[in-house]
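Quick notes on the structure that follows.
The values are calculated or read from the model by the stated rules, or taken from the named source; none is laboratory data. Values in this document were obtained by computation on a predicted structure and should not be read as measured data. Note that we place each Cβ from the backbone using ideal geometry, even for glycine, and neighbour counts take in every protein chain shown. Remember, those area values only see protein heavy atoms, side chains included, never the ligands or the DNA or RNA. Shrake-Rupley method; radii C 1.70, N 1.55, O 1.52, S 1.80 Å.
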Amino acid sequence: AKTHNIPVLVSPLPSLQIIWVLRTYLGRALADYVTHHGVLLDVLGVGVMITGDSGVGKSELALELISRGSGLVADDVVELFHIAPKTLEGRSPELLKDFLEVRGLGLLNIRTIFGETAVRRRKNLKLIVELMKPEQGKTAQAERLPLQASSQNILDVDVRKVQLPVAAGRNLAVLVEAAVRNYVLQLRGIDSTQEFMARQSKIIADQ
């Protein structure tokens, strides 16, 4: 090893355990990654990335969710690593860790203000919430009752996506939490929209 300059690893642990540790480390260290503009949060245990145009209110929504118990992973620049065939892990650049920029307040250190439980080092991305400005909402005509779940492809991984039009009087934090709960129910095979349609069809058929 010294002659050919080859590193030698020595450990008291069994070889199988060493392989598990190295595989996990190399999977993260060598993973393909991209960066996205948005805010990544841990909402009710689910990794949620809030996206939208600049000035739409992403950071303000993130701050309200954090005050309700969510955890901040990354603000402004979200690094997404393809660590497994169907898994994207989100992290924050070292420079931006723990910080959230809010218009009018500047940079806030979330760890200092809310404590250790208000931040996360990393989180697997499961849901994307796109905030749409009022004029954008009129143009895009977001579905009031979407029959098919939409998704966004990132590094060959399809991530569930919902669109929330921003309007005065809407409690976006509650809507995001509801979207997360609905997503979890759908993973368990419970689809509220399909349930309603089946009930409607049954009533029509009985008449």
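If the elastic network links every pair of Cα atoms under 10 Å, which of ALA168, ALA84, ALA178 fluctuates the most in the Gaussian network model of the chain?
Greatest mean-square fluctuation among the candidates belongs to ALA168.
Projected onto the charge dipole of the chain (+1 at Lys/Arg Cβ, -1 at Asp/Glu Cβ, origin at the Cα centre), which of LEU175, VAL129, TYR33 gives the Cα projection farthest towards the positive end?
Checked the options; the winner is TYR33.
Using θ = phi - 60° and the Karplus curve 6.51 cos²θ - 1.76 cosθ + 1.60, what whole-Hz ³J(HN,Hα) does each residue of the range 112-121 get, with Gly and Pro shown as x?
6, 6, 9, x, 4, 6, 8, 10, 10, 6
Whose amide H sits under 5 Å from the amide H of VAL73, counting only residues 5 or more places off or on another chain, with H placed in the peptide plane?
Close amide H contacts, sequence-distant or interchain: LEU40, LEU41, ASP42, ARG120.
Can you run the Rg to Rh ratio on the chain? Use alpha carbon positions and the Kirkwood inverse-distance Rh. Intermediate values should be presented prior to the final figure.
Details: Rg = 21.1 Å, Rh = 19.4 Å.
Dividing the radius of gyration by the Kirkwood radius yields 1.09.
Give me the accessible area of ARG122, 1.4 Å probe, in Å² rounded to the nearest 10.
Rounded to the nearest 10, the figure is 90 Å².
I need the phi-derived Karplus couplings for the range 65-79: 6.51 cos²θ - 1.76 cosθ + 1.60, θ = phi - 60°, integer Hz, Gly and Pro marked x.
So the J values, rounded to whole Hz, are 5, 5, 5, 9, x, 6, x, 7, 9, 7, 10, 6, 10, 10, 8.
Whenever you get a sec, compute what percent of the accessible area on the range 161-207 sits on carbon and sulfur atoms (1.4 Å probe). It would help to have the intermediate numbers written out before the result.
Details: 1850 of 3320 Å².
Percent of accessible area from carbon and sulfur atoms in the range 161-207: 56.
According to the square roots a ≥ b ≥ c of the eigenvalues of the Cα gyration tensor, what is the shape class of the range 49-143, taking rounded for a/c under 1.5, prolate for a/b larger than b/c otherwise, and oblate for the remainder?
Working: a/c = 2.04, a/b = 1.19, b/c = 1.71.
It is oblate, given that a/c is not under 1.5 and a/b is not larger than b/c.
Need the list of lysines near LYS126 for cross-linking: C-alpha distance under 22 angstrom, and skip anything on the same chain fewer than eight residues off.
Leaving aside lysines fewer than 8 places away in the same chain, those within reach of LYS126 are LYS58, LYS86, LYS97, LYS161.
Of the candidates GLU130, GLU79, GLU116, which one comes out as most mobile in a Gaussian network treatment of the chain with C-alpha springs shorter than 10 Å?
Maximum fluctuation in the GNM of the chain, among the listed residues, is at GLU116.
If you place +1 on the Cβ of every Lys and Arg, -1 on the Cβ of every Asp and Glu, and leave all else neutral, what size is the dipole of the range 1-122 about its Cα centre, to the nearest 20 Debye? Before the final figure, lay out the partial values.
Details: 13 positive and 13 negative charges, 112 e Å.
Computed charge dipole of the range 1-122: roughly 540 debye.
Relative to the longest principal Cα axis of the chain, at what angle does helix 172-187 sit, 0 to 90 degrees, rounded to 10?
80
Please give the helix 192-206 orientation as an angle from the longest Cα principal axis of the chain, in degrees from 0 to 90, rounded to the nearest 10.
Approximately 40 degrees, to the nearest ten.
Roughly how many debye, to the nearest 20, is the charge dipole of the range 10-79 about its Cα centre, given +1 on each Lys and Arg Cβ, -1 on each Asp and Glu Cβ, and no other charges? Can you show the working numbers first?
On the way: 4 positive and 8 negative charges, 80 e Å.
The dipole magnitude comes to about 380 debye.
Under a Cβ-only charge scheme (Lys and Arg +1, Asp and Glu -1), can you give me the dipole magnitude of the chain about the Cα centre, in debye to the nearest 20? It would help to have the intermediate numbers written out before the result.
Details: 25 positive and 22 negative charges, 91 e Å.
Roughly 440 debye, rounded to the nearest 20.
Using a 1.4 angstrom probe with every protein chain in place, what is the largest-first accessible-area order of PHE196, PHE81? Kindly include the intermediate steps, with their values, before the conclusion.
Details: PHE196 110, PHE81 20 Å².
Solvent-accessible surface, decreasing: PHE196, PHE81.
How far is helix 15-29 tilted off the main Cα axis of the chain, in degrees rounded to 10, range 0 to 90?
60
Taking θ as phi - 60°, what are the ³J(HN,Hα) couplings along the range 157-169 by the Karplus curve (6.51, -1.76, 1.60), each to the nearest whole Hz, with x for Gly and Pro?
With the stated coefficients, the range 157-169 comes to 10, 7, 10, 4, 9, 10, 10, 10, x, 8, 8, 4, x Hz.
Starting from the amide H of GLY52, placed 1.01 Å from N in the peptide plane, find each other amide H under 5 Å away whose residue is 5 or more places distant or on another chain.
Long-range HN contacts for GLY52: LEU131.
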